[in-house]
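Have a look at the structure below, then the notes.
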Amino acid sequence: MAEENFDPVRGGRKWLLGIGVLLKQFSVGQSVVCYCDGHCPNDEENGTCVGQPGSQCFSAVKEVVNEETGMREIQQTYGCLPPHESGFMQCKGQKVPHQTGRAILCCDDADLCNKYLIPKIVYRSTTPRPDAGYDETIPYIALIISITVCLMALFGVLTFFYLKFKKREDSRKMCLVPGGRGYETYLTSSGTLQDLIDQSSGSGSGLPLLVQRTIAKQIQMERPVGKGRYGEVWLARWRGERVAVKVFFTTEEASWFRETEIYQTVLMRHENILGFIAADIKGTGSWTQMLLITEYHERGSLHEHLRTHVLEPSSLLSLASTAASGLAHLHMEIFGTRGKPAIAHRDIKSKNILVKRNGQCAIADFGLAVRFVSEDNKIDIAPNTRVGTRRYMAPEVLDESLNTVMFDSFKMADMYSLGLVFWEMCRRCWTGDKLTEADEYQLPFFDCVPSDPSFEDMHEVVCIKKIRPQLSSRWDSEEVLRTLSKIMQECWHPNPAVRLTALRVKKTLHKLEVDNSIKIV
Ligand code: ADP
Ligand code: MG
């Protein structure tokens, strides 16, 4: 278009040409002589061409690539456009998008009017001109904008999480700083262990770890009270209160870890399971000390208690029913989001059961326990078959026929061991004359295996000879002993599937307790 290509030098000339156009209005039908170059008809090679009436002169430029140099260059041509070709499409060709890279200007106002027309190529965004700086910056601007938006979004997200974290930290500090209303207040004030445990019972899985560590640091050891396979148990004090501290042998880290893990299982706390207080591990490179702090029971283990005491039938019943109750709780799976997995003990014996001051039992020593969540149908550690104390091992453990895929197999093996513990208890219960009518304390199979029996010894007795501890005829005279002797036989049955469950035993003994108390009243 002429306006776009306005050249101030030629402006005056064009003005004159404009007058020419007006004059031409009066001379329609006249032909025009055009300057031609590169577009001349064959017979008019002298640099001009004569257009028919209505024709236009054109000047055209085109961007071409020089085949020799490979450079882009502008090729200019001039000539006449016949009337049918001098419409919009030809004369204003550069206005049409696909015509990018070329331009044309037309005139018919005077002869040779096209000689000084210089069309300019207008580049469009569809094919960006290589040197068009403005167009090239667009992707960069878009990139900068997107990066800025991303950074702002990231900043927003980070701020959100930081504020959330800070809010939680603040409320946590509120609980921990002295004067706040949290556990630290208890640790720095005169709160008892029971207060602490009651406070945390909402979580169902023990005291917060920070509180556990603090308690462990504040412990004063007093004297050793027991020794087992994995560690030494000490009587210790925490702010004057007596606690038991199991110090694991350095080689028994796995056992400490396992026992701690089991004690911190949700809903594990039960009056017939040893009350867990805290666990801590301290170490300096080569040396580690692993502690497990629990409630202290001055009467010690059931083994020790039976060795030194004769039982009344009511005490026997209390010990037996609470041991069954503890094991039933352990074995039971509680469903729900904060439910409890089923747990099998795998080392039930009189040394791993404690006697509380109220004459009830508390099951202890969970170093070999396994957990099972039926929803996942998975036992939480790979259970090796022959673990536990050989003397108390069920026949299927001894002959390795225990089906480790089925969790109930582990519970059934526990029930076998509980049957043997009941036998130990019953021997120490008097009938008739208190002094003479109780049997001396003995371990199960005391009369058929040596003091530290091997697998082979136990296998021979339990699986091959199918020997079980002897039942005393004097037990027939006492209802509790009669009931327990029936129960123990059903517990140590060679076929695990027909053994009683802990829940069944608990219910039977509880009923007997209720009946006996009614009789006494
Ligand atoms: P291990 O895993 O080494 O066998 P245990 O937990 O069975 O250790 O404890 C060994 C012995 O320590 C028990 O048989 C018992 O005599 C004594 N004992 C353990 N815990 C307590 C406690 N809380 N109160 C009193 N005595 C305990
Ligand atoms: Mg033990």
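No value in this document is a laboratory result; all are computed from the given coordinates. These figures come from a predicted structure and were not determined experimentally. So basically every Cβ, Gly included, is an ideal-geometry build from the backbone, and we count neighbours across all protein chains shown.
Here is how the numbers come out for the structure above:
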| item | result |
| --- | --- |
| Length gained when the stretch Ser454-Ile141 is fully extended (0.36 nm per residue, less Cα-Cα span) | 104.5 nm |
| Full-extension gain in nm, Val405 to Lys115, via 0.36 nm per residue minus C-alpha separation | 94.3 nm |
| Residue-span extension gain [Ile281 to Lys465] - 0.36 nm each, minus C-alpha spacing | 61.6 nm |
| For Gly275, distant residues with modelled amide H under 5 Å away | Glu295 |
| Exposure proxy ranking, count of Cβ atoms within 10 Å, fewest first, for Cys57, Cys36 | Cys36, Cys57 |
| Residues Ser31 and Thr69, FRET efficiency given R0 of 35 Å [Cβ-Cβ distance, rounded to 0.05] | 0.30 |
| Over segment 338-412, relative contact order from alpha-carbon pairs under 8 Å, at least 6 apart, % | 29 percent |
| Proximal charge balance of Trp256 [Cβ under 14 Å; K/R count +1, D/E count -1] | -3 |
| Rounded if a/c under 1.5, otherwise prolate or oblate - segment 237-347, Cα gyration tensor axes | oblate |
| Efficiency of FRET from Cβ geometry, Lys167 and Leu210, R₀ 25 Å, rounded to 0.05 | 0.85 |
| Computed E for Arg223/Glu375 - FRET, C-beta separation, R0 51 angstrom, nearest 0.05 | 0.65 |
| DSSP-loop GluC sites (Glu not before Pro) across segment 399-472, with at most 13 other Cβ within 10 angstrom | Glu400, Glu440 |
